[in-house]
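S.K.: Following this message is one structure expressed as structure tokens.
The values are calculated or read from the model by the stated rules, or taken from the named source; none is laboratory data. Small disclaimer: the values here were computed from a predicted structure and weren't measured. Cβ coordinates were reconstructed from backbone atoms using ideal geometry, including for glycine residues, and neighbour counts include every protein chain displayed. Surface areas here come from the heavy atoms of the whole protein model, side chains and all, with no ligands, DNA or RNA. Shrake-Rupley method; radii C 1.70, N 1.55, O 1.52, S 1.80 Å.
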Amino acid sequence: MTKTVNHWIGGKTAEGASGTYGPVTDPATGAVTTKVAFATVEEVDAAVAAAKEAFATWGQSSLAQRTSILFRFRALLDEHRDEIAELITAEHGKVHGDALGEVARGLEIVDLACGITVQLKGELSTQVASRVDVASIRQPLGVVAGITPFNFPAMVPMWMFPIAIACGNTFVLKPSEKDPSASIRLAELLAEAGLPDGVFNVVHGDKVAVDRLLEHPDVKAVSFVGSTPIARYIHTTASAHGKRVQALGGAKNHMLVLPDADLDAAADAAVSAAYGSAGERCMAISAVVAVGSIGDELVEKIRERAEKIKIGPGDDPTSEMGPLITKAHRDKVASYVTGAAAEGAEVVLDGTGYTVDGYEDGHWIGISLLDKVPTTAKAYRDEIFGPVLCVLRVDTYDEGVALINSSPFGNGTAIFTRDGGAARRFQLEVEAGMVGVNVPIPVPVGYHSFGGWKDSLFGDHHIYGNDGTHFYTRGKVVTSRWPDPADAPAGVDLGFPRNH
């Protein structure tokens with residue numbers, strides 16, 4: 001029996017009123033298991049109205065109240081992490097271990113939000129002039145919105161809403177319509193933790209729901225994670241409507257391997273970073289840049305490891321990689337491999353014909369490895385978002401850095417080397433927002449912010465960490481003078497205010 005996923009508005013389930021539903025498939029079988037309600041403009045307005053009403057009290061609530069609720073939410077999240085991971089696997093397809101890891105990385109940001117009191121401390125300067133004090137404080141914005149992608153249906157929302165509500169805002173989430181169930185379970189756990197009705201709301205849908213959030217006058221800020229074209233659209237549209245925006249886009253993450261690197265460690269890292277989560281993550285390594293004469297040996301080591309990866313249903317404990325999210329996405333990923341040879345690449349591994357016995361209708365694709373890929377090839381230029389690794393060859397470190405810096409993307413990058421001087425140069429010279437030194441996927445811990453450069457980020461703020469706190473609050477400076485009771489009246493003075 002097909003289940004229905006509805007909206008969550010004002011602290012309870014709100015059945016879809018539009019009559020329009022989207023299909024949610026089990027990627028391992030291709031079967032439609034769920035239908036998700038698509039919101040109308042009126043339903044989005046209802047969610048924003050509930051959030052606005054809740055902000056009247058939540059925005060004035062004490063930090064102690066907010067953090068105590070988040071502590072209870074954290075305990076519930078930890079208790080139900082397996083259940084949430086199962087929802088992710090059922091709708092996204094990633095293996096259970098990957099799904100558990102996603103929940104754990106979301107928990108990191110909940111931890112940060114539980115300790116938000118430190119980040120929200122203001123500043124005070126006393127006696128800047130006679131009996132004059134100046135204080136800087138941060139206050140919440142109001143109703144804020146999050147628009148999140150299919151590849152991390154629990155983690156990415158948790159990169160946003162815990163900090164937003166800890167800062168005193170109320171939140172409207174528009175998750176991916178491809179795997180919506182995890183967001184509703186998070187809403188239920190927040191309610192169980194004691195979050196007041198309307199502080200957290202979920203509306204499902206397509207462009208109708210997105211556009212209404214971008215233009216709604218009561219939405220003060222929008223956070224987004226997704227592809228670069230949509231991130232650019234989100235930033236342009238929401239900014240035109242006077243909103244604060246952080247829009248994280250796509251990536252083409254490079255791993256530079258120097259001749260002195262431990263090639264076994266580099267090959268392990270390349271395989272893990274390229275094919276983990278079936279390559280459906282914006283921090284995946286999709287381009288290895290081999291420097292000098294090591295290319296052949298490195299490619300062979302990657303091939304040996306990649307061929308051993310076990311692909312199967314995400315709920316099979318022996319599976320290391322699951323299917324892709326939809327058949328259309330699977331076919332698009334495959335097209336980059338089938339067209340690679342004609343564009344000058346050497347196809348070392350071709351996973352496009354892969355299937356799993358008993359699951360023939362699933363969205364399967366195997367491991368693909370392309371060597372000697374020219375920078376003009378589509379497989380290099382585009383963000384594939386699948387298990388396809390490109391290897392490029394360069395002669396020198398400088399040539400490798402120049403290649404990386406010429407990419408329009410600047411999300412994450414990594415260098416593998418034993419040379420500390422080269423690593424230090426790389427972290428200063430490379431044009432990317434997150435850099436790994438012998439670390440293939442340099443996703444920052446919760447108390448450092450996540451975000452890229454160039455076409456990988458639109459807006460001034462990275463996500464979570466200190467940037468997240470600043471994004472979800474605005475500064476105010478208060479200058480005050482309290483005269484001593486013994487002072488005579490100062491009289492009228494039309495001159496410029498003095499600080500001495």
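S.K.: Please state the charge dipole magnitude for the chain, taken about the Cα centre, from unit charges on C-beta atoms (+1 on K and R, -1 on D and E), reported in debye and rounded to the nearest 20.
M.R.: I would put it at about 1520 debye.
S.K.: Let me ask something else about it. Order the following by accessible area, largest value first: 309, 88. Probe radius 1.4 Å; ligands, DNA and RNA are ignored.
M.R.: Ranked from most to least accessible, the order is 309, 88.
S.K.: Loop-only chymotrypsin sites (Phe, Trp or Tyr not before Pro) in region 172-250, please: DSSP not H, G, I, E or B, and at most 15 other Cβ atoms within 10 Å.
M.R.: For chymotrypsin sites (Phe, Trp or Tyr not before Pro) across region 172-250 that sit outside H, G, I, E and B with at most 15 neighbouring Cβ atoms in 10 Å, the list is empty.
S.K.: Choose one of 449, 403, 128: the residue whose Cα lies farthest towards the positive end of the charge dipole of the chain (beta-carbon charges +1 Lys, Arg; -1 Asp, Glu; about the Cα centre).
M.R.: 128
S.K.: Relative contact order of region 188-286, please, whole-number percent, based on alpha carbon pairs below 8 angstrom and at least 6 residues apart.
M.R.: Across region 188-286, relative contact order equals 20 percent.
S.K.: Here is a follow-up. Report residue 316's accessible area, 1.4 Å probe, all protein chains in place, as a number in Å² to the nearest 10.
M.R.: Rounded to the nearest 10, the figure is 50 Å².
S.K.: DSSP beta bridges in the chain, what fraction antiparallel, as a percent rounded to 5?
M.R.: So the antiparallel bridges in the chain amount to around 40 percent.
S.K.: So between residue 63 and residue 486, what do we pick up on full extension, going 0.36 nm a residue minus the alpha carbon distance?
M.R.: 148.5 nm
S.K.: In terms of the Cα gyration tensor, with a ≥ b ≥ c the square roots of its eigenvalues, is the chain rounded because a/c is under 1.5, prolate because a/b exceeds b/c, or oblate?
M.R.: The shape class here is oblate.
S.K.: With the cut-off at 1.5 for a/c, could you classify region 203-328 from its C-alpha gyration tensor as rounded, prolate or oblate?
M.R.: Here region 203-328 falls in the oblate category.
S.K.: Also, I was wondering about something else. Restricting to Cα pairs below 8 Å that are 6+ residues apart, what does the relative contact order work out to for the chain? Please round to a whole percent.
M.R.: Relative contact order comes out at 18 percent.
S.K.: Can you give me the Kirkwood hydrodynamic radius for region 404-500, using every pair of distinct Cα atoms, in Å to one decimal?
M.R.: This gives a value of 17.7 Å.
S.K.: Please work out how much accessible surface residue 480 shows to a 1.4 Å probe, ignoring ligands, DNA and RNA, in Å² rounded to 10.
M.R.: Result for residue 480: roughly 40 Å² accessible.
S.K.: Shifting gears a bit: Looking at 31, 17, 214, which one has the Cα that reaches farthest to the positive end of the dipole of the chain (charges on Cβ: Lys, Arg +1; Asp, Glu -1)?
M.R.: Farthest towards the positive pole: 214.
S.K.: Amide H of residue 30: which non-local residues (sequence gap of 5 or more, or other chain) have their own amide H closer than 5 Å, using H built in the peptide plane?
M.R.: So residue 30 has HN proximity to 363.
S.K.: Stretch residue 262-residue 357 to full length: gain in nm at 0.36 nm per residue minus the Cα-Cα span?
M.R.: Net length gain for the segment: 30.5 nm.
S.K.: What distance in nm separates the two pseudo spin-label positions at residue 18 and residue 477, each 7 Å out from Cα along the beta-carbon direction?
M.R.: 4.5
S.K.: Still on this structure, I have one more. Please report, in debye to the nearest 20, how large the charge dipole of region 80-210 is about its Cα centre when each Lys and Arg carries +1 at its beta carbon and each Asp and Glu carries -1 there.
M.R.: Once rounded to the nearest 20, the dipole reads 540 debye.
S.K.: Could you estimate the translational diffusion coefficient of region 1-134 from the Stokes-Einstein equation, with Rh from the Kirkwood formula over C-alpha pairs, at 20 °C and 1.002 mPa s, in whole µm²/s?
M.R.: In µm²/s, the coefficient rounds to 115.
S.K.: Let me ask something else. Any idea what the relative contact order of region 271-423 is, in percent, if you count C-alpha pairs under 8 Å spaced at least 6 apart?
M.R.: 29
S.K.: Quick one: grab the alpha carbon gyration tensor of region 288-359, order the square roots of its eigenvalues as a ≥ b ≥ c, and give me rounded if a/c is under 1.5, else prolate or oblate depending on whether a/b is larger than b/c.
M.R.: It comes out oblate by the Cα gyration axes.
S.K.: Can you grab the distance from the C-alpha centre of region 220-288 to the C-alpha centre of region 75-98, Å, no decimals?
M.R.: Going from one Cα centre to the other spans 23 Å.
S.K.: Within region 216-315, which trypsin sites (Lys or Arg not before Pro) sit in a loop by DSSP and count at most 10 neighbouring Cβ atoms inside 10 Å?
M.R.: Listed in order of number, the matching sites are 308, 310.
S.K.: Ratio to report: Rg/Rh of region 67-217, with Cα atoms as the point set and Rh obtained by the Kirkwood method; give two decimals.
M.R.: 1.08
S.K.: Whenever you get a sec, line up 9, 84 from highest to lowest accessible area (probe 1.4 Å, protein heavy atoms).
M.R.: 9, 84
S.K.: For region 98-149, give the magnitude of the charge dipole about the Cα centre (Cβ charges: +1 Lys/Arg, -1 Asp/Glu; no others), in debye to the nearest 20.
M.R.: With Lys and Arg at +1 and Asp and Glu at -1, about 320 debye.
S.K.: Can you find, among 412, 462, 289, the residue sitting farthest towards the positive end of the charge dipole of the chain, where Lys and Arg contribute +1 and Asp and Glu -1 at Cβ?
M.R.: 462
S.K.: Report, by chain and number, residues whose modeled amide H sits under 5 Å from the one on residue 439, excluding near sequence neighbours (fewer than 5 apart, same chain).
M.R.: Answer set, sorted by chain and number: 415.
S.K.: Also: Compute the length gained on full extension between residue 341 and residue 117: take 0.36 nm times their separation in residues and subtract their Cα-Cα distance, giving the result in nm to one decimal.
M.R.: 75.1 nm
S.K.: What FRET efficiency comes out for residue 437 versus residue 227 if R0 is 41 angstrom and r is the Cβ-Cβ distance? Round to the nearest 0.05.
M.R.: Efficiency computed from Cβ-Cβ geometry: 0.90.
S.K.: Turning to a different aspect of this structure: For the pair residue 496/residue 466, report the inter-label distance in nm, with labels modelled 7 Å from Cα in the Cβ direction.
M.R.: In this crude label model, residue 496 to residue 466 measures out at 3.2 nm.
S.K.: If every alpha-carbon in region 332-376 counts as one equal scatterer, what log10 I(q)/I(0) does Debye give at q = 0.18, 0.27, 0.29, 0.31 1/Å?
M.R.: Here log10 of I(q) over I(0) equals -0.54, -0.93, -1.02, -1.11.
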